[in-house]
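Undergrad: I have a structure here, written as structure tokens, and I will follow up with some questions on it.
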Amino acid sequence: MTPNKWIEKIPVYEPGKPIEEVARELGFDDIGEIIKVASNENELGPSPKALDAMTAAAEEMHRYPDGGCFALKNKLAAKIGVKPQNLVFGNGSNELIEFLGHVYLDPGANLVISECSFAVYRLVAALFNAQAVAVPMKNFTHDLDAMLAAITPETRMIIVCNPNNPTGTAVTPEQIDAFLEKLPAHVLAVFDEAYVELMPDSMKPDLIRRIRDGQENLIILRTFSKAYGLAGLRIGYAVGHENLSGLLNRVRQPFNVNAMAIAAALAAMDDETHLEQSREMVFQGLKLFAEKLPLIGNGLEFVPSYANFLLIRTGQGQKVFKELQKRKIIVRPMDGYGLPDWIRITVGTPGQNQATLLALQDILRASP
């Protein structure tokens, strides 16, 4: 059998290390003592309402899920002010990015991204033997003008992760409006808003109004993984013109979203208290890191963040990552993003934040 030649060249995505793996590697007996702040998860966990919904749904796991997500689609459409036919659900927003690849990418096509943005964009381009055109960032932020300038007749998509993973930076609503006004009609703008619920209100763009107004070359990706704390269930959604949603549904497999994820998402949307607690935990955590990081060593450089994580320049990122693991703290080294001197730390609970800061201080002050 002969595989497609380009498949062997696709790098394997390496997620943050699971707690169980670190415990096995380092011989830790109690995994409950390990702090994982590597994968931008919500350390409050799921909403209690979502947990109750999952428990109830467990009794029906012998049934196939509703492939069209009818109840969830209608409830979410009413909540965000669009029509149900504007929505498509995926097994996490990663699957939705792959759907877009199926619809728009092929050999000879390209997509435009920022050089230090979510790794899955490059992987999806490679999956379809298309080119990912990576544009340098400006101060760790998407340079929207430079991205527009990189568009060619072969460009099918341009992806803006806002806030951006792994830098945590965001572009302003005004910059986005100017960008979309200049966007050529043949290019689809993909706005990945995985962290949008955790942004300060002043920075949140209202892109959904453009969907309501009928803009066709725009799609918004969101997820229940981050603010809603449902990362383990893998459920995300796309908001776009109904013609575009129709195309995505043509490449979507039946039953791609599982029944427990649907039940949990339905319940999570009803728990505004949990969502607000998650936002407040992040805001207070970011404030604490901003106050304490400059006091460590000679003052640690970090990128101000609009998401639930911080990109921090520690020097020798892999070394710091390994030393933190010895102290039962898992962070994310940034070698894969071309940032070997940096680590990324998820904002957790107050106790997790304090423990991470103390461990980081011990490591850096002990370094020659």
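Undergrad: Might you check whether a residue that is among the hydrophobic types (A, V, I, L, M, F, W, C), under 16 Å from the mean Cα position of the chain (by Cα) and at pLDDT 95 or above occurs anywhere in segment 138-156?
TA: No: zero hits.
Undergrad: Name every residue in segment 328-368 that is under 21 Å from the mean Cα position of the chain (by Cα) and charged (D, E, K, R), in order of residue number.
TA: Those that are under 21 Å from the mean Cα position of the chain (by Cα) and charged (D, E, K, R): 332, 335, 344.
Undergrad: For residue 293, work out the one condition from (1) closer than 22 Å to residue 196 by Cα; (2) aliphatic (A, V, I, L, M); (3) in the same structural domain as residue 27 (by TED's automatic domain parsing) it doesn't fulfil.
TA: (1)
Undergrad: Sticking with this structure for a sec: Between a first residue in segment 4-16 that is over 23 Å from residue 309 (Cα atoms) and at pLDDT 75 or above and a second residue that is surrounded by 11 or more Cβ atoms within 10 Å (Cβ to Cβ) and of a type in the set (Asp, Glu), which pairs have beta carbons less than 9 Å apart while being 6 or more apart in sequence or on different chains?
TA: none
Undergrad: Just one of the numbered conditions (1) of a type outside the set (A, V, I, L, M, F, W, C); (2) in contact with a strand residue (DSSP E or B) (Cβ under 7 Å, 6 or more places away or on another chain); (3) at pLDDT below 95 is not true of residue 33; which one?
TA: Exception for residue 33: condition (2).
Undergrad: Give segment 306-328 a look and list any residue that's in contact with a strand residue (DSSP E or B) (Cβ under 7 Å, 6 or more places away or on another chain) and of a type in the set (Ser, Thr, Tyr), or say none.
TA: 314 - this is the single residue of segment 306-328 that is in contact with a strand residue (DSSP E or B) (Cβ under 7 Å, 6 or more places away or on another chain) and of a type in the set (Ser, Thr, Tyr).
Undergrad: Another question, then. Which ones in segment 293-331 are within 12 Å of residue 345 (Cβ to Cβ) and in contact (Cβ under 8 Å) with a residue 60 or more places away in the chain?
TA: Of everything in segment 293-331, those that are within 12 Å of residue 345 (Cβ to Cβ) and in contact (Cβ under 8 Å) with a residue 60 or more places away in the chain turn out to be 293, 300, 303, 305, 307, 308, 309, 310, 311, 329, 330, 331.
Undergrad: Another question about this same structure. Return yes when residue 133 is touching a strand residue (DSSP E or B) at 6+ places or on another chain (Cβ under 9 Å), assigned to a loop (DSSP other than H, G, I, E, B), among the β-branched types (Val, Ile, Thr) and assigned by TED's automatic domain parsing to the domain that holds residue 210 and no when it is not.
TA: On the way: touching a strand residue (DSSP E or B) at 6+ places or on another chain (Cβ under 9 Å): yes; assigned to a loop (DSSP other than H, G, I, E, B): no; among the β-branched types (Val, Ile, Thr): yes; assigned by TED's automatic domain parsing to the domain that holds residue 210: yes.
Against the criterion (touching a strand residue (DSSP E or B) at 6+ places or on another chain (Cβ under 9 Å), assigned to a loop (DSSP other than H, G, I, E, B), among the β-branched types (Val, Ile, Thr) and assigned by TED's automatic domain parsing to the domain that holds residue 210), residue 133 does not qualify.
The values are calculated or read from the model by the stated rules, or taken from the named source; none is laboratory data. Quick caveat: nothing in here was measured; it's all calculated off a predicted structure. All Cβ positions, even for glycine, are placed from backbone atoms using ideal geometry, and neighbour counts span all protein chains on display.
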